[in-house]
Amino acid sequence: MTSPRPAIVWYREDLRLSDHPALLAAANTQAPVVCLFVLDERTPGVRPLGGAARWWLARSLRALQESLRGRGVSLVLRRGSASTVIASLAREVDAGAVYWNEIAQAPHQRVADQVAAALGGVATHKFPGDLLVAPSQIRNKENRGLRVFTPFWRRVQSLGDPPKPLPAPKKLNGISAIASDALEDWHLEPTRPDWAGGLRENWRPGEATAQARLKAFLAGGIAGYSGDRDRPDREGTSLLSPHLRFGEISPRQVWHAAKFAAAEHPPLSSDIDKFLSELGWREFCRHLLYDVPDLATRNLQPSFDAFPWKHDTKALRAWQRGQTGYPIVDAGMRELWHTGVMHNRVRMVVASFLVKHLLIDWREGEQWFWDTLVDADAGSNPANWQWVAGCGADAAPYFRVFNPILQGEKFDADGVYVRRWVPELKQLPDNLIHQPWTATPLELASAGIELGKNYPRPIIEHKVGRERALAAYASIRNR
Ligand code: FAD
């Protein structure tokens, strides 16, 4: 009896073993399996990863290598154009078939089509894997995706539960001695300078951590989620976003685990529903990206093409470095730089501040987030920036300008979050922590603060910023 020809499993944004339809299907054929990750940084339309996401990718690949090694399979790493690399590996190992999970994004689908074409007669098997529901299942009468979240989410829910997650393969047959790049040679992690200390301190990428985090969150952390999710001073959210971003856990694993927890603990149902609706926002952003591949560059509302953005490098730099003089904004930007994430409420506040108070184009902020977030996502990042800027789908109206002082006082009432990230303000009493410039000279002196020296004065007064933003908006409103 001849043994089956090897099956290649092409890994992309699905760095896990469980609920991996492509891996399971390949394993079920009993053929020897070659797992492959291609670093393809020049694909037209696919955005090269930012610095923080590259760090995550390196660690996540290492975790995947270890899990696969534990099952007798090595992860082959190769660099170059995916179609060339995969076709050449297929010849090298005389592959009988190539398996992969689809990514519902136009440029990724184009690459997958090129791979299939380059493989000639080799069979290809594709599976859905990165969403709860395929974009083709949620269309309006004009065959377009829905642009408003509430009906979108209602429609997703009306389709019932997504298919149950698949188990990891029980057995994998590996092949030995296939040439692979060394992960270190890809230089995904920064060295000179090594700015990733805060990332190492805060994160352990990989499927095992993702599963453990979900389990712990559903076992207790989720109680009170509906209110706590807005509080940057509390640990009230799941912190699953980078794990979801790299597919270390699948959205349907999260969905089913959450539904199970709700059935087991009915008092948690409303918090769990809220949590699932946030997963729904991820889905919504990705469906939007499916329809609008240039979401990161094009205003969804064309009237914003005429918006009078300011080119203010100095203000942009102050924002990036957490030196705006608004404690909640500065705390968020420093949290981002140190940990690679920022609390969702604060993301909204800092984004609004950049776009409205500073009148800086949302694309500048989106790009900075893209480079510094470990969860930088091709759908969620631009969709949320457009939402905050007022130019997106189902967007917050532009005239709703967040007041950074009130946002701080409401969601970080005791200043715990600000004191953590802006330690120079630590000694200020709670009533001044979100507006140090209103302190008397004596209060400032006893807190060890010299405004303009060891903490900046506000780079723009709130009232002035707000009025300027509204005037800029009025200039495009009737176009
Ligand atoms: P939880 O509250 O535990 O939510 C569970 C999951 O739901 C998250 O892991 C995430 O996958 C999803 N989710 C939650 N809120 C949103 C949202 N508003 N939009 C889309 N998905 C959501 N999220 C990213 O994953 N990547 C990004 O690049 C990103 N950029 C953002 C930019 C801006 C300007 C704003 C305002 C929000 C952005 N978000 C982004 C959404 C949100 O801030 C993060 O998903 C959230 O903070 C992650 O923390 P968590 O995993 O603890 O969330």
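The values are calculated or read from the model by the stated rules, or taken from the named source; none is laboratory data. This is a predicted model, so every value here is computed, not measured. Using ideal geometry, Cβ is built from the backbone for each residue, glycine included, and neighbour counts are taken over all protein chains shown.
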Before we move on, is Ala318 assigned by TED's automatic domain parsing to the domain that holds Leu432, in contact (Cβ under 8 Å) with a residue 60 or more places away in the chain and part of a helix (DSSP H, G or I)? yes
Output the residues belonging to the range 158-191 that are out of contact with any helix residue (DSSP H, G or I) (no Cβ under 8 Å at 6 or more places or on another chain) and under 23 Å from Val133 (Cα atoms). Ser158, Gly160
Looking at (1) on the phi > 0 side of the Ramachandran plot; (2) modelled with pLDDT of 95 or more, find the lone condition where Gly390 falls short. (2)
For the range 179-208, what are the residues that are outside any loop (DSSP other than H, G, I, E, B) and surrounded by 18 or more Cβ atoms within 10 Å (Cβ to Cβ)? Leu183, Leu199, Glu207
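Given the criteria closer than 30 Å to Leu289 by Cα, aliphatic (A, V, I, L, M) and assigned to a helix (DSSP H, G or I), does Ile476 qualify?
Spelling it out, Ile476 is indeed closer than 30 Å to Leu289 by Cα, aliphatic (A, V, I, L, M) and assigned to a helix (DSSP H, G or I).
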Hey, can you tell me all the residues within the range 233-256 that are in a loop (DSSP other than H, G, I, E, B) and more than 10 Å from the ligand (Cβ to nearest atom)? Asp233, Arg234, Phe246, Gly247, Glu248, Ser250
How many residues are away from the ligand (no atom under 11 Å from the Cβ) and aromatic (Phe, Trp, Tyr) if we restrict to the range 376-401? 2
Criterion: of a type in the set (A, V, I, L, M, F, W, C) and on the phi > 0 side of the Ramachandran plot - qualifying residue of Leu214, Leu239: Leu239
Test result for Gln65, out of contact with any Phe, Trp or Tyr (no Cβ under 6 Å at 6 or more places or on another chain), part of a loop (DSSP other than H, G, I, E, B) and among the polar types (S, T, N, Q): no
